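If you scroll down you'll find the structure; I have some questions about it.
The values are calculated or read from the model by the stated rules, or taken from the named source; none is laboratory data. What you are looking at is a predicted structure, and each value in this text was computed from that prediction instead of being measured. Heads up, the Cβs are rebuilt from the backbone with ideal geometry, glycines too, and the neighbour counts pull from every protein chain shown. Side chains included, ligands, DNA and RNA excluded: accessible areas come from the protein's heavy atoms. Shrake-Rupley method; radii C 1.70, N 1.55, O 1.52, S 1.80 Å.
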Amino acid sequence: MPDRVLGGGVPRFVIIGRTATAGADFLLDDLPGTSGRLDVLLRCIRAALLTSHGVRRDTVIDLVLLGGPEAPRVARIDGASAKFLRPDERPLATLLKKSLAAHAMHSDPGGEGCFVEVRPGIAIARGGLEVALADRGRAPIYVLDESGVDVRTVKLDPAGIFLIGDHQGLDEAARAMGEPISIGPVSLHSDDVVAIVANELDRAFTIR
Ligand SMILES: C[S@@+](CC[C@H](N)C(=O)[O-])C[C@H]1O[C@@H](n2cnc3c(N)ncnc32)[C@H](O)[C@@H]1O
């Protein structure tokens, strides 16, 4: 895979699952029906981190899980060290289920905002969007929004944070967090939005 030259930081996708369960008690055989549509977020993992023949080692994705009694929790998957990532939904669901359960059982699950690595490259923290963004430093936040500025007219920061909604979209507070950018006039599924942003970064920052 040709390298992207990102000049320091790495891009991070933050997907807000307004109903996605923060607990491990969902059924692998009925993900959409039992997980508050966690399946939408799992597809974003594939789009953010997997290429046809590899893993994007220079990308991070945060899933903000706001559904169920265990909420809020953030699952952070870091392409630099993540293992056992598969493109299909069920193994990704299994990996997240085990990770959420391991965090709940961890001898020191930490307090609010403390990420605990429970699998290689997978860390879980208690808290919501504020926890996902706590270590952002100077990274700009781009809010993916159908009515935002065309992404192709924006000089993207390759170490930017890309905030994306689930099937219910982003609430007003999330929309106000950064610069609204659009990937086109049509409202797409969250994972397709991730893939298109990743592609824009590839086009802008890959040396062939
Ligand atoms: C399935 S869409 C949400 C649809 C939801 N019914 C709504 O009205 O917001 C999921 C997310 O993808 C992003 N998105 C979808 N289409 C987009 C577009 N054309 N440009 C930018 N972001 C988009 C937004 O962040 C949105 O919250």
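Taking just the alpha-carbon atoms of segment 75-120, what radius of gyration and Dmax come out, in angstrom?
11.2, 32
Take the Cα of Ala80, step 7 Å along the line toward its Cβ, and report every residue of segment 113-155 whose backbone nitrogen sits under 13 Å from that point.
Only 121-122 pass the distance filter.
A further question on this structure: Roughly how much of Thr34 is accessible, in Å² to the nearest 10, using a 1.4 Å probe?
Counting only protein heavy atoms, Thr34 exposes about 50 Å² to solvent.
Here's another thing I want to ask about it. Tell me, what is the 1.4 Å probe accessible area of His189, in Å² to the nearest 10?
Counting only protein heavy atoms, the figure is 130 Å².
Let me ask something else. Measure off 7 Å from each Cα along the Cα-to-Cβ vector at His106 and Asp192, then give the distance between these two points in nanometres to one decimal.
Computed distance between label sites His106 and Asp192 equals 3.6 nm.
Next question, about the same structure. What does the charge count near Ile183 come to, summing +1 for each Lys or Arg and -1 for each Asp or Glu among other residues with Cβ under 12 Å from its Cβ?
Combined, the nearby Lys, Arg, Asp and Glu give -4.
Over the Cα atoms of the chain, what Rg and Dmax result, in angstrom?
16.0, 48
For the chain, return all DSSP H helices satisfying: extent of Cα atoms along own axis at least 20 Å; mean Kyte-Doolittle hydropathy at least -0.5.
Helix filter hits for the chain: 89-105, 190-205.
So what are segment 1-64's ellipsoid semi-axes, whole angstrom, largest first, if each one is the square root of 5 times an eigenvalue of the alpha-carbon gyration tensor?
Equivalent-ellipsoid dimensions as semi-axes: 28, 13, 7 Å.
Something else: Probe radius 1.4 Å, ligands and nucleic acids ignored: give me the carbon and sulfur share of the accessible area of the chain as a rounded percent.
Using a 1.4 Å probe with all protein chains present, the chain comes out at 52 percent carbon and sulfur.
Still on this structure, please answer the following. Counting other Cβ atoms within 10 Å of each Cβ, which trypsin sites (Lys or Arg not before Pro) in segment 69-141 have at most 13 and sit in a DSSP loop?
Lys83, Arg138
Tally Lys and Arg at +1 and Asp and Glu at -1 over the other residues with C-beta under 10 Å from the C-beta of Arg119: what net charge comes out?
That sum, taken over residues with Cβ under 10 Å, equals +1.
For segment 85-187, what is the per residue volume of the convex hull drawn over the alpha-carbon atoms, in cubic angstrom?
With only Cα atoms used, segment 85-187 gives 142 Å³ per residue.
Please give every one of the lysines within straight-line cross-link reach of Lys83, meaning a C-alpha to C-alpha distance under 18 Å, and leave out same-chain neighbours fewer than 8 residues apart.
Reachable lysines: Lys97, Lys98.
With every protein chain kept in place and ligands, DNA and RNA left out, what is the accessible area per residue of segment 96-157? Probe 1.4 Å, answer in Å².
53
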